[in-house]
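Would you mind keeping the following structure in view while I ask a few things?
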Amino acid sequence: MRTDIFARLDREPEPPKIETPRMSRHRIALFGGTLAFYVAIVVAVLVSSWLVALDWKVMLFRPYQQWPELHAFLDYYVVLGQRGPTAVMVASWLGWRSWRQHTLRPLLTLGASLLLLNLSVGAVKLGLGRLGPHYATQIGSAELFAGGDIFPSGHTANAVVTWGILAYLATTPRARRYLSALSAFVSLGVGLTTVYIGTHWLSDVLLGWAAGLLILLALPWFEPLITRAEVLILSVREQWRARRRLRASAPAAPAAPEPVMLPQSLSGGTGAEGALEAVSVEPVPEAQGATGHPGARARAHQAHPVRSERTPVTPAGSRRPPHADRAPRSNGTQARPVAGGSVAP
């Protein structure tokens with residue numbers, strides 16, 4: 001067993017037994033108090049109460065002009081609340097945890113929380129239609145139902161959910177405390193940064209904090225659904241793997257008979273007689289003999305190789321018939337008569 005620090009990076013031999021959070025009385029009380037705060041912020045903005053006046057005072061104070069030296073740093077810091085970069089970073093960490101612990105719960109929990117965030121925050125944004133500070137038209141107005149989409153603050157709610165999910169999925173109480181403090185610090189800083197830059201009202205940030213916290217507190221209600229989704233995905237994966245193993249172990253289909261090259265008889269001479277011909281050989285059934293069935297003899301006859309027609313070979317030597325009155329030629333040398341001369345004795 002490895003005892004160094006890198007041993008914690010190895011994959012665990014089996015899934016660990018991690019206790020799933022439940023909706024305890026303490027959590028239900030926190031959920032109820034946060035929901036009441038959420039409703040109070042919405043009502044205060046709808047009736048243009050003192051909260052709307054505070055929004056205008058902070059906006060007219062223009063913090064980005066009061067402390068311009070912070071602008072360069074906070075432009076990068078606010079990225080910790082953007083949906084794309086934060087989702088990629090947290091999903092990478094949770095994906096490694098899913099591989100190490102043989103479970104899909106971290107990734108499925110992140111997906112469920114982001115889905116709830118889009119549905120809840122997006123619906124309120126589009127329903128109230130509040131304009132941001134840079135697009136305000138009347139001082140002291142709540143700027144509602146004007147086609148905007150900044151109430152509540154999506155940056156703030158996303159920072160609460162994305163970084164808070166790390167604390168929600170922590171496996172030890174100590175890690176949960178540290179990650180809760182870290183996520184609260186990051187989400188608080190992101191919300192105040194949007195007010196400093198001037199992209200959100202202060203009430204937008206307050207409602208964004210409440211919206212993100214409500215999603216984290218409500219996640220235990222969705223744990224049974226997450227568990228069923230994990231079981232379904234893993235069962236589909238096992239079926240796919242079993243199908244692949246079955247396909248790999250299946251016997252190959254019998255191949256069609258291939259032509260066999262056989263030599264011709266050498267009794268006919270040379271030349272074309274020594275060529276090779278391609279014939280198709282069909283196997284003879286083993287269950288029946290050559291004479292056991294009326295058609296067995298015909299099948300046995302068909303089992304022999306069939307020679308193709310070939311060009312007849314011209315026999316060697318002369319083809320003229322012999323004549324009795326013609327003397328055979330001899331191999332000896334004879335003198336021929338020379339025209340105009342005498343015959344040699």
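The values are calculated or read from the model by the stated rules, or taken from the named source; none is laboratory data. Since this is a predicted model, take the numbers as computed values, not measurements. Neighbour counts are summed over all protein chains in view; Cβ atoms, including those assigned to glycine, are modelled from backbone coordinates with ideal geometry. Ligands, DNA and RNA are stripped out before the accessible areas are found, and what is left, the full protein with its side chains, is counted by its heavy atoms. Shrake-Rupley method; radii C 1.70, N 1.55, O 1.52, S 1.80 Å.
Since Ala142 meets every condition but one in (1) in a loop (DSSP other than H, G, I, E, B); (2) under 38 Å from the mean Cα position of the chain (by Cα); (3) under 16 Å from Leu202 (Cβ atoms), which condition does it not meet?
(2) is the only condition that Ala142 fails.
Conditions tested, residue by residue: (1) polar (S, T, N, Q); (2) buried (at least 22 other Cβ atoms within 10 Å of the Cβ); (3) modelled with pLDDT of 95 or more.
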| position | (1), (2), (3) |
| --- | --- |
| Tyr135 | no, no, no |
| Leu144 | no, no, no |
| Pro152 | no, yes, no |
| Arg174 | no, no, no |
| Ser183 | yes, yes, no |
| Leu207 | no, yes, yes |
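Ok, one more. Tell me which of these Thr109 doesn't satisfy, since it passes every other one: (1) in contact (Cβ under 8 Å) with a residue 40 or more places away in the chain; (2) open to solvent by 20 Å² or more (accessible area, probe 1.4 Å); (3) more than 14 Å from His155 (Cβ to Cβ).
Going through the list (1) in contact (Cβ under 8 Å) with a residue 40 or more places away in the chain; (2) open to solvent by 20 Å² or more (accessible area, probe 1.4 Å); (3) more than 14 Å from His155 (Cβ to Cβ), Thr109 breaks only (2).
For residues in the stretch 62-81 being exposed (fewer than 10 other Cβ atoms within 10 Å of the Cβ) and under 27 Å from Ser141 (Cα atoms), which is farthest from the chain's Cα centre (by Cα)?
Out of the qualifying residues, it is Gln66.
Testing Ala184 on (1) over 32 Å from the mean Cα position of the chain (by Cα); (2) part of a loop (DSSP other than H, G, I, E, B), one condition comes back false. Which one is that?
(2)
Then there is this: Arg27: open to solvent by 40 Å² or more (accessible area, probe 1.4 Å), under 29 Å from Phe151 (Cα atoms) and either touching a Pro at 6+ places or on another chain (Cβ under 9 Å) or not in a helix (DSSP H, G or I) (or both), yes or no? Please lay out each step first, then the result.
Working: open to solvent by 40 Å² or more (accessible area, probe 1.4 Å): yes; under 29 Å from Phe151 (Cα atoms): yes; either touching a Pro at 6+ places or on another chain (Cβ under 9 Å) or not in a helix (DSSP H, G or I) (or both): yes.
It is true that Arg27 is open to solvent by 40 Å² or more (accessible area, probe 1.4 Å), under 29 Å from Phe151 (Cα atoms) and either touching a Pro at 6+ places or on another chain (Cβ under 9 Å) or not in a helix (DSSP H, G or I) (or both).
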